[in-house]
Amino acid sequence: SDVVDGVTVDRGFQLLNPAYPEAARVLDLDALALRPFTAGVLLAGADGRRPVVADPRRTPSALASTVRSTPGTRLEQLRFAAYAAGVGYLPVSRIKDGVDTTIGETLRPFGAITERVLAPFLSGVLFDDSRTTSRRFVELVLRSFVRGTPSVPSAGMGAIPLQLAQGVDVRLSTPVRSVTPTSVTLEDGSVISARAVVVATDAGAAAALLPGLEVPRMNAGTTWWHLADVPGSALT
């Protein structure tokens, strides 16, 4: 997270879903003071309309809009409702142990729901609109959306690594010159020895530290920040 003119902004598409099993295991979610989003989407139409399609269990007020505006035939809608319920609440082994295929093949039976809702949504979540991502992976992501409400910590996503770092010997803003399997050489020439070294960086930085590492093709994304009026605040 960065602070711009006193406003905390997150880099990239950032959400924390409290239904993530690892998040529940290692994070103090109450201390993060999560701020949830509405569990739904706005459909942008060519006519300028922006109907809301939302999970009626969590947003009852959007039930009428959801029923009226969900794309596709009634059969496609029922198929998707059954599919989402299975992904969300049947044993997770059904996803992990099932035959894998592309998510495009899996979502094809849902017709207009896939084209107008699922495909655009997943292209933002995955940074990939090819629909070739593993069905297993995408269904695990969808499972978290069905079971939990996407949120961000009140202090921004940067609050998560800060919480994880509590009680751990962490050095921030410390450039690294090189690494070996058991040591890290800092820019000032000092060396830190360890039993093992994990390089957890973007692909380009990892390649600079690990000569010969093949850098995969990466999809790029652009973050747009919009400052909305906040009642009772000086922000405009």
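The values are calculated or read from the model by the stated rules, or taken from the named source; none is laboratory data. Here the structure is a predicted model, which means the values were calculated and not measured. Positions of Cβ are backbone-derived with ideal geometry, glycine not excepted, and every protein chain shown enters the neighbour counts. Quick note on the areas: whole protein, heavy atoms, side chains included, nothing else; ligands and nucleic acids left out. Shrake-Rupley method; radii C 1.70, N 1.55, O 1.52, S 1.80 Å.
Per-structure values
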read-out	value
Unmet requirement for residue 178, which otherwise passes all of (1) touching a residue at least 12 places away in the same chain (Cβ under 8 Å); (2) under 14 Å from the mean Cα position of the chain (by Cα); (3) surrounded by fewer than 17 Cβ atoms within 10 Å (Cβ to Cβ)	(2)
The range 155-168: number of residues that are in a loop (DSSP other than H, G, I, E, B) and under 25 Å from residue 36 (Cβ atoms)	5
Close pairs from the range 124-135: first closer than 16 Å to residue 14 by Cα, partner of a type in the set (Val, Ile, Thr) and surrounded by 13 or more Cβ atoms within 10 Å (Cβ to Cβ), Cβ under 9 Å, at least 6 apart	125/138; 125/141; 126/103; 126/133; 126/138; 126/141
Residue in the range 36-58 that is of a type in the set (A, V, I, L, M, F, W, C), assigned to a helix (DSSP H, G or I) and in contact (Cβ under 8 Å) with a residue 12 or more places away in the chain present	no
Unique residue being assigned to a helix (DSSP H, G or I) and open to solvent by 40 Å² or more (accessible area, probe 1.4 Å) when the list is 116, 171	116
Filter result (open to solvent by less than 80 Å² (accessible area, probe 1.4 Å) and modelled with pLDDT under 85) within the range 201-236	216, 219, 221, 223, 228, 230, 233, 235
Single residue of 30, 100 found to be touching a helix residue (DSSP H, G or I) at 6+ places or on another chain (Cβ under 6 Å) and either more than 30 Å from residue 158 (Cβ to Cβ) or surrounded by fewer than 11 Cβ atoms within 10 Å (Cβ to Cβ) (or both)	100
Test for residue 65: is it assigned to a helix (DSSP H, G or I), without any contact (Cβ under 8 Å) to a residue 60 or more places away in the chain and touching a strand residue (DSSP E or B) at 6+ places or on another chain (Cβ under 6 Å)	yes
Residue list for the range 1-10, filter: open to solvent by 40 Å² or more (accessible area, probe 1.4 Å) and touching a Phe, Trp or Tyr at 6+ places or on another chain (Cβ under 8 Å)	4
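For every residue, the table says whether it meets (1) under 21 Å from the mean Cα position of the chain (by Cα); (2) surrounded by fewer than 13 Cβ atoms within 10 Å (Cβ to Cβ).
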position: 12; (1), (2): yes, yes
position: 21; (1), (2): yes, yes
position: 60; (1), (2): no, yes
position: 66; (1), (2): no, no
position: 71; (1), (2): no, no
position: 82; (1), (2): no, yes
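Here's the yes/no breakdown for (1) β-branched (Val, Ile, Thr); (2) touching a residue at least 24 places away in the same chain (Cβ under 8 Å):
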| site | (1), (2) |
| --- | --- |
| 139 | no, yes |
| 150 | no, yes |
| 183 | no, no |
| 191 | yes, no |
| 200 | no, no |
| 206 | no, no |
| 222 | yes, no |
| 226 | no, no |
